[in-house]
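Only one structure is covered here, and it is reproduced in the block below.
The values are calculated or read from the model by the stated rules, or taken from the named source; none is laboratory data. These numbers were taken from a predicted model, which means no experiment stands behind them. Using ideal geometry, Cβ is built from the backbone for each residue, glycine included, and neighbour counts are taken over all protein chains shown. Side chains included, ligands, DNA and RNA excluded: accessible areas come from the protein's heavy atoms. Shrake-Rupley method; radii C 1.70, N 1.55, O 1.52, S 1.80 Å.
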Amino acid sequence: MTQRHDATAASDTGAASDPGHRGCPGDLGEVGDAGQAGDARQAGDANPIETFLTYRLTRTSWRLSAQASRMLRDAAGLSLTQWRVITLIGPDAERTLSGIARQAGFDKGQLSRCAKGLTAAGLIAARPHPEDQRQSLLHLTAEGRALFDRLLPIMQRRQARLMDCLSPDQRALIFPLLDRLSEAADRTEFTPDGPTATPIAESDGPATAPVAGSDGPTTAAIAAPEGPAATR
């Protein structure tokens, strides 16, 4: 397939103006300026925003998403959102738009536009939902499955390189910690007078892999983009 599908790449991710970021030495070909990075660290030492969790997570997510967007654009002409929708549907499954939106936290309007673009490109197709006439079931076409099969190993290799930046202990902790933060965000409301929260019970069960910020599944079940062992 030679047709490109990157018309929404810049608007989906804001990646077009990304200057790159510095990762592990020799990792993934990122670009960046060591002097600028040093200046940013010095400024950050005196800036309280550097201690805000949401800011740090957002900054890191933006850089990783911009990198993934470049890879997908160069490899297949896809935007990051398009790739995530393809992986969330999966090669052997059917999904509703509302189900994808709930799992991934996507804006429904953006998701609908993305699905229309993928349908027009022949990568996904829809059929009426047998139990809910208001919805359709989306599935990958043969062309969509072929694209998924081609891109998944690329995104998994990128994931493995990113995880190499962490020690084994850090790799074991990163997803459970992100899960706890996600639970806290769901259960805590903040007002000018302070937070009100439902206590989050300790759990020894398996952590659910985060959806946002990941780029592909490790299995056909596609519980989360790229999965615990191969997540962006």
Ordered by residue, what ³J(HN,Hα) values in Hz, to whole numbers, does the stretch 75-82 give under the Karplus form 6.51 cos²θ - 1.76 cosθ + 1.60, where θ = phi - 60° and Gly and Pro are x?
7, 8, x, 9, 7, 5, 5, 4
Multiply the residue separation of A120 and I174 by 0.36 nm, subtract the distance between their alpha-carbon atoms, and state the gained length in nm to one decimal.
15.7 nm
Between L78 and residues 5 or more places away or on another chain, the pairs with built amide H atoms under 5 Å apart involve H5, R73
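Please compute the per residue accessible area over the stretch 81-172 with all protein chains in place, 1.4 Å probe, rounded to a whole number of Å².
52 Å²
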Between L57 and E131, with labels modelled 7 Å along Cα→Cβ, what's the label distance in nm to one decimal, could you check?
3.2 nm
Using 0.36 nm per residue, how much length does the chain from L181 to R157 gain when fully extended, once their Cα-Cα distance is taken away?
6.0 nm
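Expressed in nm², what is the orientationally averaged projection area of the convex hull enclosing the Cα positions of the stretch 40-174? Display every interim value, and only then the final one.
Values: hull surface 43.2 nm².
Computed as one quarter of the Cα hull surface, the answer is 10.8 nm².
Please work out the FRET efficiency for the pair D193 and Q110, using the Cβ-Cβ distance as r and a Förster radius of 35 Å; give the result to the nearest 0.05. Can you show the working numbers first?
Working: r = 34 Å, r/R0 = 0.97.
Result of the calculation: an efficiency of 0.55.
Per the 1.4 Å probe, what fraction of the accessible area of the stretch 44-106, in percent, lies on carbon and sulfur atoms? Working shown, then result.
Values: 1570 of 2900 Å².
That share works out to 54 percent.
Could you tell me which GluC sites (Glu not before Pro) in the stretch 69-150 are loop residues by DSSP with no more than 14 other beta carbons within 10 angstrom of their beta carbon? Walk me through the intermediate numbers first.
Working: sites: E94, E131, E143; in loops: E94, E131.
Counting only loop positions with at most 14 other Cβ atoms within 10 Å, the GluC sites (Glu not before Pro) in the stretch 69-150 are E131.
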